[in-house]
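A.B. asks: The structure is given below, and queries will be raised subsequently.
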Amino acid sequence: MKKHSLLKISSIAVIPALLLISILFSSSIENNSVGKFPYKKAGLTEKQAAAHLVSRFTYGATPNLVNEVAEIGVEKWFIQQLEAKLADDSLQQMLVGYDALTMSNEQIVTNFPRGPQVLRMAIKDGFIDKDEVDKADKAAYRQKLAAYLKEKGLRPEKELFRQFINQKILRATYTNNQLQEVLTDFWFNHFNVSIAKNQCAQFIPVFERDAIRPNVLGNFNQLVMATAKSPAMLLYLDNFSSAGMNETYENKVNNYSKRLARLQKDTSEKGKKALQQLNKTKSQGLNENYAREVMELHTLGVDGGYTQNDVTQAAKVLTGWTVYPISDYGPIGNMKKIVEKFGEEKLSNAGFVHQGDFLFTINRHDVSEKTVLGKKFPAGRGLEEGEELLNMLAIHASTAKFISKKLAIRFVSDNPPQSLLDKMTNTFIKSKGNIRDVLITMVTAPEFWTKEALREKTKSPFELVVSTVRIMDAHITQPFQLNNWITKMGQQIYYYQAPTGFPDRAQYWINTGALLNRMNFGLAIAAKKIPGIQFDLADLNNHKEPESAVKALEVYSKIFMPERDLTKTIQRLTPLLSDPNLMEKVNDAANKNKAPNSAQTMQEDEMTMSTDKEKSGKERVNKKGQIKNANAMNTSFSNSSMLSQVVGVIIGSPEFQRR
């Protein structure tokens, strides 16, 4: 009966109601207000809810962050993170010395030339003899190139990358706008470009700064458009070289139609060869790499409903998109001569479009009619059809599903419930891809707060390292030392070669060798064996000295992993505390054991380490987690090396790998 009565509501009554809901909804988003988070229904306290939010939307808790979030209210804190306007004065002061971060692409290319470019310049200037390059002593050769750079006031490219990597570590550790930084990493990974591809490497710092970071909380189409036009992406996926045939332009410049007609009538062998060459020139140059990846990886997803023909047609729509020439060297150097020859004004009048470091070249654009996903793009158009295509892909229903699921995997669990994905997808469609709105839908949904979602994500090596220095309240003076450990644990940031970006699932990060390396890192940093990282472990506990190593384990586990039930974790870790050679053993095991394993390994390996210690007869744990025959554990805790070992074991523990 109720269903029938609802159906009888007149359209006159429904329309105003829908309008009211729409107005209220848009007003709510405009003011960045969010509804009450339903964590109490999931049985969570305010502090537990705060800890969950912090684990998902930051790089880890700082000593007092969970309490601060609970005090101001989880909803208010989340709104602050969505606005991303908190002051970051101390961070900005740390970054002052990193001058490359404020440079334009042109300045970077000028000041940090690539190795092959340096060699060509040195030969051209007579600094190195061309005939001696292959015969030269490698060390002496490198010294000569270094001397040349110094004389010219230039700097090696590796210094640029070092600055870039250092700033990522410092931002992630110290910014107050944590959500913005987490999303910068997420979207960079989504629109992945790699330093490993030399052509695009120099352009990656500006790619992150100008195409990614400003757009992480805006509309998704802004990210798609900004990345598509960036030199880094154009070079990484080769769209800078993708060219079609513009017969209208060619007729004006090269009399293409007349030449074609003349050669079609020429029956001589020479004429036939010339015709073949002309047809070959017309057909060559189309590169489908970017068109394929923008559909499969950036927007629609692999199951997004497109065909190979759609890829080819989209590639034609995007022909003529290239990089504005900012150097005489490299794959875009030739274009500089064209710009200098004809001048900006003439090129603009001819249909060329210059936008920052992006250049649309009308002469290389396919102006034929195309059809992508059933939508026709009429013949004779230019840059606007490419922009129209990207906007269409950015708000497509398949994109809504794909991006919503990827966000849910990042912020909820490796296998998010379909009910949550449906809510996020609907919001994406209604808001035309507003990322902020989709995040609000996600965090206000009951599925975000279920016990199944708590601590169900595994930290990447980067997240592990940053969460460690954050909870330690560490002062970092040599961030690249941390990068060495991140790389050792399996994540070479900014170097992942595939356009997919790093996988965001536990299986990729967790295996026996990886866990041992993580334990090794924990012991090394806690023992202050990583240069340039300063902290005070005693200060984390207000300089209160624990009675024993066991007590220290209890106290510091709660500091490092707030608002968690740590009973089982403490039981498993206790046997590891008294081994004076633990670091050496873990290091040896890490070097020997690199076999892949499943995500289940986290708990299994932890139990194995405990069991091995039990078998040694030195310590045995009873059912209450108390140590039998543990005289070493109950001695005075004045030894700082023992506290370091306790903290190192906590950092390396499987529970600390979870977020």
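The values are calculated or read from the model by the stated rules, or taken from the named source; none is laboratory data. No experiment lies behind these values; they were computed from the predicted model shown. Note: ideal-geometry Cβ built from the backbone for every residue, glycine included; neighbour counts use all protein chains shown. Please note that ligands, DNA and RNA were not included when accessible areas were found on the heavy atoms of the full protein model with its side chains. Shrake-Rupley method; radii C 1.70, N 1.55, O 1.52, S 1.80 Å.
A.B. asks: Taking into account only those residues within the stretch 314-334 that are open to solvent by 30 Å² or more (accessible area, probe 1.4 Å) and closer than 28 Å to Leu223 by Cα, which is modelled with the highest pLDDT? Talk me through it step by step, then tell me what you get.
C.D. replies: Here is the first cut: in the stretch 314-334, the residues open to solvent by 30 Å² or more (accessible area, probe 1.4 Å) are 316, 324, 328-331, 334.
Then keep just the ones that are closer than 28 Å to Leu223 by Cα; that gives 316, 324, 330-331.
Details: Lys316: 97, Tyr324: 92, Gly330: 59, Pro331: 63.
Top of the filtered list is Lys316.
A.B. asks: Residues to consider are Pro596, Pro531, Pro575; find the one that is modelled with pLDDT of 75 or more, open to solvent by 10 Å² or more (accessible area, probe 1.4 Å) and either outside any helix (DSSP H, G or I) or not small (Gly, Ala, Ser) (or both). I'd like the intermediate steps shown before the answer.
C.D. replies: Numbers: Pro596 fails: modelled with pLDDT of 75 or more; Pro575 fails: open to solvent by 10 Å² or more (accessible area, probe 1.4 Å).
The conditions single out Pro531.
A.B. asks: Quick check on the stretch 157-176. Is at least one of its residues open to solvent by 10 Å² or more (accessible area, probe 1.4 Å), of a type in the set (A, V, I, L, M, F, W, C) and at pLDDT 95 or above?
C.D. replies: yes
Per-residue answers, yes or no, for (1) closer than 27 Å to Thr512 by Cβ; (2) open to solvent by less than 80 Å² (accessible area, probe 1.4 Å); (3) at pLDDT 50 or above; (4) touching a Gly at 6+ places or on another chain (Cβ under 8 Å):
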| site | (1), (2), (3), (4) |
| --- | --- |
| Glu545 | no, no, yes, no |
| Ala549 | yes, yes, yes, no |
| Thr569 | yes, yes, yes, no |
| Met602 | yes, yes, no, no |
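A.B. asks: Quick one: how many residues across the stretch 497-528 are surrounded by fewer than 23 Cβ atoms within 10 Å (Cβ to Cβ) and basic (Lys, Arg)?
C.D. replies: 2
A.B. asks: Here is a follow-up. Mind checking which residues of the stretch 465-485 are in a helix (DSSP H, G or I) and of a type in the set (Gly, Ala, Ser)?
C.D. replies: If the condition is that a residue be in a helix (DSSP H, G or I) and of a type in the set (Gly, Ala, Ser), then Ser467 is the only one that fits.
A.B. asks: Restricting attention to the stretch 46-105, which residues are within 26 Å of Lys158 (Cβ to Cβ) and surrounded by fewer than 14 Cβ atoms within 10 Å (Cβ to Cβ)?
C.D. replies: Across the stretch 46-105, the qualifying residues are Gln92, Gln93, Val96, Gly97, Asp99, Thr102, Ser104.
A.B. asks: For the stretch 363-374, give me the residue count where each residue is at pLDDT 95 or above, touching a strand residue (DSSP E or B) at 6+ places or on another chain (Cβ under 8 Å) and surrounded by 15 or more Cβ atoms within 10 Å (Cβ to Cβ).
C.D. replies: 1
A.B. asks: Restricting attention to the stretch 149-156, does a residue exist that is over 25 Å from the mean Cα position of the chain (by Cα), farther than 26 Å from Pro479 by Cα and open to solvent by less than 50 Å² (accessible area, probe 1.4 Å)?
C.D. replies: Scanning the stretch 149-156, I find no residue that is over 25 Å from the mean Cα position of the chain (by Cα), farther than 26 Å from Pro479 by Cα and open to solvent by less than 50 Å² (accessible area, probe 1.4 Å), so the answer is no.
A.B. asks: Quick check: is even one residue across the stretch 205-213 part of a helix (DSSP H, G or I), within 21 Å of Asp504 (Cα to Cα), open to solvent by less than 10 Å² (accessible area, probe 1.4 Å) and not hydrophobic (A, V, I, L, M, F, W, C)? Break it down stepwise before answering.
C.D. replies: Pass one, the stretch 205-213, residues part of a helix (DSSP H, G or I): 205-213.
Those left that are additionally within 21 Å of Asp504 (Cα to Cα): 208, 212-213.
Applying the additional criterion that residues be open to solvent by less than 10 Å² (accessible area, probe 1.4 Å) yields 208, 212.
Cutting the leftovers down to not hydrophobic (A, V, I, L, M, F, W, C) gives us 208.
Yes, the conditions are met somewhere in the stretch 205-213.
A.B. asks: Tell me which helices (runs of 4 or more DSSP H) are completely within the stretch 1-100 and hold 2 or more residues being at pLDDT 95 or above and within 26 Å of the chain's Cα centre (by Cα), or say none if there are none. Steps first, please.
C.D. replies: Numbers: elements: 2-7, 11-30, 46-57, 65-72, 74-83, 89-94.
Ranges flagged: 46-57, 65-72, 74-83, 89-94.
A.B. asks: Also, quick follow-up: Considering every residue within the stretch 227-243, establish whether at least one is under 26 Å from the mean Cα position of the chain (by Cα), open to solvent by 60 Å² or more (accessible area, probe 1.4 Å) and at pLDDT 90 or above.
C.D. replies: Within the stretch 227-243, not a single residue is under 26 Å from the mean Cα position of the chain (by Cα), open to solvent by 60 Å² or more (accessible area, probe 1.4 Å) and at pLDDT 90 or above.
A.B. asks: Sticking with this structure for a sec: Mind checking which helices (runs of 4 or more DSSP H) fall wholly inside the stretch 379-436 and carry at least 3 residues that are among the β-branched types (Val, Ile, Thr)?
C.D. replies: Working: elements: 383-394, 397-411, 418-430.
Output list reads 397-411, 418-430.
A.B. asks: Let me ask something else about it. From the list Ile530, Ile510, Ile486, Ile525, pick out the single residue that is out of contact with any Pro (no Cβ under 6 Å at 6 or more places or on another chain) and under 22 Å from Lys158 (Cα atoms). I'd like the intermediate steps shown before the answer.
C.D. replies: Working: Ile510 fails: under 22 Å from Lys158 (Cα atoms); Ile486 fails: out of contact with any Pro (no Cβ under 6 Å at 6 or more places or on another chain); Ile525 fails: under 22 Å from Lys158 (Cα atoms).
Within the list Ile530, Ile510, Ile486, Ile525, the selection yields Ile530.
A.B. asks: Within the stretch 431-446, which residues are out of contact with any Leu (no Cβ under 6 Å at 6 or more places or on another chain), touching a residue at least 60 places away in the same chain (Cβ under 8 Å) and not aliphatic (A, V, I, L, M)?
C.D. replies: Pass one, the stretch 431-446, residues out of contact with any Leu (no Cβ under 6 Å at 6 or more places or on another chain): 431-434, 437-444, 446.
This time we only want the ones that are touching a residue at least 60 places away in the same chain (Cβ under 8 Å), so: 431-434, 437, 439-440, 443-444, 446.
Scanning the stretch 431-446 gives Ser431, Lys432, Gly433, Asn434, Asp437, Thr444, Pro446.
Condition check ((1) at pLDDT 95 or above; (2) under 23 Å from Asn192 (Cα atoms)) across all residues:
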{"position": "Asn434", "(1), (2)": "yes, yes"}
{"position": "Val438", "(1), (2)": "yes, yes"}
{"position": "Thr444", "(1), (2)": "yes, no"}
{"position": "Trp449", "(1), (2)": "yes, no"}
{"position": "Ala453", "(1), (2)": "no, no"}
{"position": "Phe480", "(1), (2)": "yes, yes"}
{"position": "Ile493", "(1), (2)": "yes, yes"}
{"position": "Tyr496", "(1), (2)": "yes, yes"}
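A.B. asks: Any idea how many residues of the stretch 398-431 are more than 18 Å from Leu217 (Cα to Cα), open to solvent by 50 Å² or more (accessible area, probe 1.4 Å) and among the hydrophobic types (A, V, I, L, M, F, W, C)?
C.D. replies: 0
A.B. asks: Would you confirm whether any residue within the stretch 449-463 is within 21 Å of Leu183 (Cβ to Cβ), of a type in the set (S, T, N, Q) and either touching a helix residue (DSSP H, G or I) at 6+ places or on another chain (Cβ under 8 Å) or buried (at least 17 other Cβ atoms within 10 Å of the Cβ) (or both)?
C.D. replies: Yes, the conditions are met somewhere in the stretch 449-463.
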